[in-house]
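See below for the structure under consideration.
The values are calculated or read from the model by the stated rules, or taken from the named source; none is laboratory data. Not measured: the values here are computed from a predicted model. Every residue, glycine among them, receives a Cβ derived from its backbone with ideal geometry; neighbour counts consider all protein chains shown. Note: areas computed on protein heavy atoms with side chains; ligands, DNA, RNA excluded. Shrake-Rupley method; radii C 1.70, N 1.55, O 1.52, S 1.80 Å.
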Amino acid sequence: MTQTRRQFLKTTALATAAFSVAATVPAFAQSVDQEELLKPGPLGDKILGDENAPVTIVEYASMTCGHCANFHKSTWPDLKKDYVDTGKVRFIFREFPLDPVAAAAFMLARCAPADKYFEIVDIMFEQQRNWAFTDNPYQSLLDFSKQIGFTQESFEECLTNQGLLDAVNAVKDRGAGEFGVNSTPTFFINGEMVSGALSIDEMGKIIEKNL
C-alpha cells in the first residue's frame, strides 16, 4: 500500500506546475483567436450544448480550486438551465490541474465512462473538501473513487497511465502557453478572456451582448 501511494504521488506529480488561484473578483483581459482556441486537445474536448450555439464558453478549471467549486455549485446550474439547455451557449470544459491531486482527479474523470464525465466533475466539486484537502490524498481519492464506480485495481490502473497524465498536462500547458491562462477558473466567452468565479448575473451580461 505504501509503495502504491508513493507511486501515485510520484506519477501524478510529473509535469505538474503550480499556478496562482484567481481572486473571486472577475478580471477582464485580452481576446484570443477563437479558431485556435477551439482546436481540441489530445483527449478531445468535453462539450455540452448545441454546436451551432451563438456563444461558446471555454472554461479552464482545476478540480482542487475552491473558486472553481464555488462556480460549479453556485453559477453552473443556472448557466446550464438558462443558456446551455436553451441552445444559446456551447460549453467546453478543459483540464488545468494546479497540483498533483487535481491531475489525478481529472484522470479519474477521463477513465470513467465518457457519458458520465460531467456528472463526475459535478460530484467532485460538490464533495471537494472530502477528497482534495486531506493528509492522505491517495486514500481519500481512492475512497472517493469507489463511490463513483472504481475498484482499487481500476483506480490504480487509471492513475498509473502515463499517457493519460501527459495528455491532461498538455491541455494545461497549451492553455498557459498559447492563451495566457494563469489562474482558475478562466473563461473564454466567444474568445474574450474573463478570470474569476463569475456569478450568473456577471456571466449573463457577457453572454447577452454576444447573442
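Ranking F144, T75, A105 by how far each Cα lies toward the positive end of the dipole of the stretch 67-161 (charges on Cβ) leaves T75 at the top. Kirkwood-type hydrodynamic radius, the stretch 160-211: 12.7 Å, calculated from all non-identical alpha-carbon pairs.
Take the Cβ atoms of D50 and D173, set R0 to 22 Å, and the FRET efficiency comes out at 0.15.
Between the C-alpha center of the stretch 61-106 and that of the stretch 133-185 there is a gap of 15 Å.
With a bin width of 10 angstrom, please list the P(r) values of the chain as percents of all Cα-Cα pairs, from the 0 bin to the one holding the largest distance. Using 10 Å bins, I get a P(r) of 8, 37, 37, 15, 3, 0 for the chain. Dipole orientation for the stretch 147-194: of the candidates L159, A170, F187, F187 has the Cα lying most toward the positive pole (charges on Cβ; Lys, Arg +1; Asp, Glu -1).
Are any of the pairs K39/K81; K116/K209; K81/K116; K39/K116 more than 21 Å apart by Cα-Cα distance, and if so, which? Pairs exceeding 21 Å: K39/K81; K116/K209; K39/K116.
Using helices alone, I'd like the mean residue ellipticity at 222 nm for the chain: each DSSP H run of four-plus residues gives -39500 (n - 2.57), total over residue count, nearest 500.
Roughly -14000 deg cm²/dmol at 222 nm, from the helical runs in the chain.
Dipole magnitude for the chain: computed about the Cα centre from +1 point charges on Lys and Arg Cβ and -1 point charges on Asp and Glu Cβ, it is near 380 debye. Of the peptides 173-184, 198-209, the order by per-residue mean of other Cβ atoms within 10 Å, starting with the highest, comes out as 173-184, 198-209. Surface composition of the stretch 53-211: carbon plus sulfur atoms hold 45% of the accessible area, using a 1.4 angstrom probe and ignoring ligands, DNA and RNA. Heavy-atom accessible surface of the chain, averaged per residue, reaches 45 Å², computed with a 1.4 Å probe. Remark: spin-label model distance N161-L38 equals 2.8 nm, labels positioned 7 Å along the Cα→Cβ axis. Build a GNM of the chain with springs between Cα atoms under 10 Å apart, and of T186, T160, T151 the one that fluctuates most is T151. Each label point was placed 7 Å from the Cα along the Cα-to-Cβ direction; for D135 and T151 their separation is 3.1 nm.
For the stretch 52-211, the share of DSSP beta bridges that are antiparallel, to the nearest 5, is 55%. Compared with the alpha-carbon gap, the fully stretched path from S74 to N210 is longer by 46.7 nm at 0.36 nm per residue.
Converting phi to 3J(HN,Hα) with the Karplus coefficients 6.51, -1.76 and 1.60 and the offset θ = phi - 60°, the stretch 159-176 yields 7, 9, 7, 4, x, 5, 4, 4, 5, 4, 5, 5, 5, 4, 5, 5, x, 6 Hz in sequence order, with x at every glycine or proline.
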